[in-house]
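*Asks:* Encoded as structure tokens, here's the structure I'll be asking about.
The values are calculated or read from the model by the stated rules, or taken from the named source; none is laboratory data. Just so it is clear, the model here is predicted, and its values are computed rather than measured. Here Cβ is always computed from backbone atoms with ideal geometry, including for glycine, and neighbour counts include all displayed protein chains.
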Amino acid sequence: MKKFLIFILILIIAVVISAAVFIVTFDANRYKYLVEEKITQAAGRPVEIGSLSLKFRGGIVFQADRFGLAGKQAADSQQISFQAERLFLKIDPWPLLRKEIQISECLLESPKIIIKNTAYSNSAPVQNAARSLPAAPASPQIPDQAIADFHISKIKISDGAFTYRDDSVDPPLNILIEKLDLELKGVSLKSPVQFKVSGELLLGERKYFSGEGRFSYPEAAVELSARLDQSIQISGSLDHVLEVPSGTFKIKIDNLDLSSFLTPEQKQGEYFTGILSADMTVSARGKQAEDLTASLNSAGFVTIASGALKNKNLLRENLQRITQIPGVGSLFEFNLGPKFDALLQSRDTQFSHFKANFKISNETATFQSIELTHEDYEVSLKGSAGLDQSIDLKGSLLIRSTLSEAMLKKVKELTLILDGNSQLVIPFIYRGRIPGAVPQPDLGNLAARTIQAVGTELLEQGLTALLKPKKSTEPEPAQNPS
């Protein structure tokens, strides 16, 4: 019995040594083209591998240098390509005897993922795009037992890059992420996978982001909590991410410098600057930008402190367009003082505080109220704006008493649009498509107020004349001399 056990032990050692020698001396590159062919058949797109190696380092180590999947134009006009400098797999050998795949480590170095969407191929109107999407699967089936029993202790992606471009919208949407690091632990098809992610988002300027969450299969659901640029917090969930994703998120923004998120192209038109704070919920469904905008629903509020509406002076443009009041055109020729002249001549609408309450559905943002305040004026608006940059807003511009008094000294006719607090009020409509939209005076409202003011003045004059004691026309009696 003792000799038999010794024989078995020697046999096992010999097998292990033989396997180790086989792995060390095995030239995996002899089978590179076969591996490329098999992966190409499985992926449905060409695969390129620089070189292969198989080694034994505490496990079976498989390595592929310069591993990549070429892009493929899919039926939904989406093109995906993938490249990595190195793919490293470390497989535990003993679970293979139980028909189980146990990978202790998987490493991808410097992967580059590119996703491109061309023009939307569906001829249906955009607003119906989300409705025509295929229904998300309710409960995908777990694969056969051999695949289901696989387990990867850790997957790590280091120094990656992700590019997303969508040409189905105007202007095209571009998202670029660099220095992408991703770590997944306990990867299997039987239990949720925990993950951590970080990187730099190129959006105006480089913005660092980090997040963590978990992915569940077969539900294909993601729970996520993330932070961007220390100012934006995002939490929520995505369902059916492998088919037609749908998600609901809560977004909270504190003290975000808007200028740092704007590209040079965006700064050519009308845009806001200042310190942004916001609180909102957002939900959407789809794979392409058109699907997401068609299904977008959101509600919340936005505030901006110490900011400006750049390349649009609402104060000047409203005053220039109330031409039915005589003398207003000459207002800009007068000297109102350095401070007020600077306000009228500026390219921008400066403000100390901006606040908007909104709801978004059916590709339209509805504003219950928009308030823009400055020490010398205030703008109040309500209405709607489309995601296509169309706007339809109605409200008023109130010019506070100090500036109103300076204007009234130059143009007396402005008294026709004074309110009860001796402040100028200009009702106006802001309608059109940005950047071509211009504020126009609300002629109906303005005419009614002018008629009311003139009528009130005439009535006061009439009442004054009527009620004023009449002077007697009879001669005064002569006084008797004393």
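*Asks:* Does K185 meet the test of being over 18 Å from the mean Cα position of the chain (by Cα) and within 20 Å of S158 (Cβ to Cβ)?
*Replies:* yes
Table: residues versus (1) surrounded by fewer than 17 Cβ atoms within 10 Å (Cβ to Cβ); (2) part of a helix (DSSP H, G or I); (3) in contact with a helix residue (DSSP H, G or I) (Cβ under 6 Å, 6 or more places away or on another chain).
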residue	(1), (2), (3)
A342	yes, yes, no
F358	no, no, no
S369	yes, no, no
A385	no, no, no
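*Asks:* Taking into account only those residues within segment 145-203 that are in contact with a helix residue (DSSP H, G or I) (Cβ under 9 Å, 6 or more places away or on another chain) and among the polar types (S, T, N, Q), which is modelled with the lowest pLDDT?
*Replies:* Out of the qualifying residues, it is S168.
*Asks:* Let me ask another. When residues of segment 95-118 are filtered for being over 29 Å from I175 (Cβ atoms) and modelled with pLDDT of 75 or more, how many remain?
*Replies:* 4
*Asks:* Additional query: I'm trying to understand the selection: among the residues of segment 155-185, which are surrounded by fewer than 16 Cβ atoms within 10 Å (Cβ to Cβ) and either touching a His at 6+ places or on another chain (Cβ under 8 Å) or outside any strand (DSSP E or B) (or both)?
*Replies:* Passing the criteria: D170, P171, P172.
*Asks:* Let me ask you something else. Go through (1) at negative phi; (2) in a loop (DSSP other than H, G, I, E, B) one by one and return the number of the condition S422 breaks.
*Replies:* That leaves (1) as the condition not met.
*Asks:* In this structure, is G213 over 19 Å from the mean Cα position of the chain (by Cα) and in the same structural domain as S110 (by TED's automatic domain parsing)?
*Replies:* no
Condition check ((1) without any contact (Cβ under 8 Å) to a residue 40 or more places away in the chain; (2) crowded, with 18+ Cβ neighbours inside 10 Å; (3) more than 20 Å from the chain's Cα centre (by Cα); (4) assigned by TED's automatic domain parsing to the domain that holds G444) across all residues:
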{"residue": "G247", "(1), (2), (3), (4)": "yes, yes, no, no"}
{"residue": "L256", "(1), (2), (3), (4)": "yes, yes, no, no"}
{"residue": "Q268", "(1), (2), (3), (4)": "yes, no, no, no"}
{"residue": "E290", "(1), (2), (3), (4)": "no, yes, no, no"}
{"residue": "N311", "(1), (2), (3), (4)": "no, no, yes, yes"}
{"residue": "G337", "(1), (2), (3), (4)": "no, no, yes, yes"}
{"residue": "S346", "(1), (2), (3), (4)": "yes, no, yes, yes"}
{"residue": "T349", "(1), (2), (3), (4)": "no, yes, yes, yes"}
{"residue": "F354", "(1), (2), (3), (4)": "no, yes, no, yes"}
